[in-house]
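For reference, the structure is listed below as structure tokens.
The values are calculated or read from the model by the stated rules, or taken from the named source; none is laboratory data. All figures in this text were calculated on a predicted structure; none of them were measured in a lab. Positions of Cβ are backbone-derived with ideal geometry, glycine not excepted, and every protein chain shown enters the neighbour counts. For accessibility, only protein heavy atoms count, side chains too; no ligands or nucleic acids. Shrake-Rupley method; radii C 1.70, N 1.55, O 1.52, S 1.80 Å.
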Amino acid sequence: MSAERTLILVKPDGVARGLSGTILARVEAKGYKLVDMKFVHATREILEAHYAEHVGKPFYEPLVEFMLSGPVVAAVFEGERVIEGFRSLAGTTEPTTAAPGTIRGDYGRDWGLKVQQNLVHGSDSVKSAEKEISIWFG
Ligand code: DAT
Ligand code: MG
């Protein structure tokens, strides 16, 4: 049985604020293994596949525009229960209320925009992780 893997993105706000290294260091420091990584400017095609579950929601188009606004770091991390472990480290979606100690809680805030800028993405299930790793890494 192969080890669990997850797709992590440092979103354009994280890269623009110079937090890519800090964020990746926190994932590594927790003990997960970095197995692939790249610096990439996403395309609309990639984002439409990545965020297909959110089509039709009021924040969908702002989300795609935000994710196109600058480069991201895409990384694959591996480890026992890494999907759940990274979601816990990232914190909840809204940065205002994400727990202090989490990435979103420590570095994120609400900027009063149509989409929450919350620094990171992490796959939410084994199925999503497999899909997302193939979208970003082929
Ligand atoms: P998560 O990234 O925590 O898995 P999600 O998959 O539900 O959250 O949504 C994808 C992103 O869209 C999320 O990181 C931030 C943004 N978002 C989600 N819900 C939102 C809302 N109600 N208003 C504004 N932006 C939202
Ligand atoms: Mg999600």
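Annotations for the structure displayed:
- Yes/no for LEU113 being more than 14 Å from ligand 2 (Cβ to nearest atom), of a type outside the set (Val, Ile, Thr), touching a Lys or Arg at 6+ places or on another chain (Cβ under 8 Å) and farther than 23 Å from LEU34 by Cα: no
- Inside segment 81-135, residues that are over 25 Å from GLU65 (Cβ atoms) and of a type in the set (Asp, Glu) make up a count of 3.
- Matching option when the condition is over 13 Å from the mean Cα position of the chain (by Cα) and within 16 Å of ligand 1 (Cβ to nearest atom), among GLY91, GLY105, GLY21: GLY105
- Matching entry among GLU61, GLU65, GLU45 (being away from ligand 1 (no atom under 16 Å from the Cβ) and open to solvent by 60 Å² or more (accessible area, probe 1.4 Å)): GLU45
- The set of residues in segment 1-20 being more than 21 Å from SER88 (Cβ to Cβ) and modelled with pLDDT of 95 or more consists of PRO12, VAL15, ALA16, ARG17, GLY18.
- Single match in GLU61, GLU94, GLU48, GLU78 (criterion: out of contact with any helix residue (DSSP H, G or I) (no Cβ under 9 Å at 6 or more places or on another chain), free of Cβ contacts under 8 Å to residues at least 60 places away in the same chain and among the acidic types (Asp, Glu)): GLU61
- Restricting attention to segment 74-133, the residues that are among the aromatic types (Phe, Trp, Tyr) and closer than 9 Å to THR6 by Cα add up to 2.
- Top-ranked residue in segment 77-88 [being open to solvent by less than 20 Å² (accessible area, probe 1.4 Å) and within 19 Å of LEU19 (Cβ to Cβ); ranked as farthest from ligand 1 (Cβ to nearest atom)]: PHE77
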